[in-house]
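A quick write-up on the structure given underneath.
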Amino acid sequence: MDTREQYEKIFQYCYSRVANRDTAEDITQETFLRFLEHPEYQKSGKEIQYLYTIARNLCIDEYRKIPTETLSDETENIPEQSKGETGWIDSMILRKILDRLPDEEREIIVLRYVSELSVSEIAGIYQTSWFTMSRRIKRILDKMRKELKEEGLE
């Protein structure tokens, strides 16, 4: 496991959840501290699942402390690759659609496509089977495709 690569992915995941750069950095650091405090996590073969489970729980704890902000409030601070005007508009519409998803569905999409976790790793985080998670991701993507069609993007 490449710790630096995972650190950046965990940060992006946390940032997408809490929409505050400083809070996301704090949660990311706390995630790795808790992970490193338990050597059994590092020898389990499920390191990535443990990292995301810890991060997810810390983000949930943060939601309990403060009022939540929407993902779009600070999305311009997330570094992106340069896109043309059409790509930028498409990206904004996609963010709008992501904001409409329930928190758990948005989290699953972020884990799968932003953090690039496998379906089995996400299933492990949610303590469900690969098949169940695969079907769930398909349903979420179908729902997003439908909204994209309504926005005239597909």
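Go through the range 111-154 residue by residue and tally those that are part of a helix (DSSP H, G or I), touching a residue at least 40 places away in the same chain (Cβ under 8 Å) and farther than 24 Å from Tyr7 by Cα.
Qualifying residue count for the region: 4.
Select from the range 9-29 the residues that are modelled with pLDDT of 90 or more and farther than 19 Å from Ile108 by Cβ and write down the one among them that is surrounded by the fewest Cβ atoms within 10 Å (Cβ to Cβ).
Asp22
Which one of the conditions (1) at pLDDT below 85; (2) part of a helix (DSSP H, G or I); (3) within 18 Å of Ile27 (Cβ to Cβ); (4) of a type outside the set (Gly, Ala, Ser) does Tyr52 fail to meet, given that it meets all the rest?
Exception for Tyr52: condition (1).
Please work out if Ile108 is within 23 Å of Gly45 (Cβ to Cβ), in contact (Cβ under 8 Å) with a residue 40 or more places away in the chain and either under 12 Å from the mean Cα position of the chain (by Cα) or crowded, with 18+ Cβ neighbours inside 10 Å (or both).
No.
Going residue by residue through the range 16-38, is there one that turns out to be in contact with a Ser or Thr (Cβ under 6 Å, 6 or more places away or on another chain), hydrophobic (A, V, I, L, M, F, W, C) and in a helix (DSSP H, G or I)?
No, the range 16-38 contains no residue that is in contact with a Ser or Thr (Cβ under 6 Å, 6 or more places away or on another chain), hydrophobic (A, V, I, L, M, F, W, C) and in a helix (DSSP H, G or I).
Which is loosely packed, with under 15 Cβ neighbours inside 10 Å, within 12 Å of the chain's Cα centre (by Cα) and at pLDDT 60 or above, of Tyr113, Tyr63? Walk me through how you get there before you give the answer.
Details: Tyr63 fails: within 12 Å of the chain's Cα centre (by Cα).
After applying the criteria, what remains is Tyr113.
The values are calculated or read from the model by the stated rules, or taken from the named source; none is laboratory data. From a predicted model like this one, the values you see are computed outputs, not experimental measurements. Here Cβ is always computed from backbone atoms with ideal geometry, including for glycine, and neighbour counts include all displayed protein chains.
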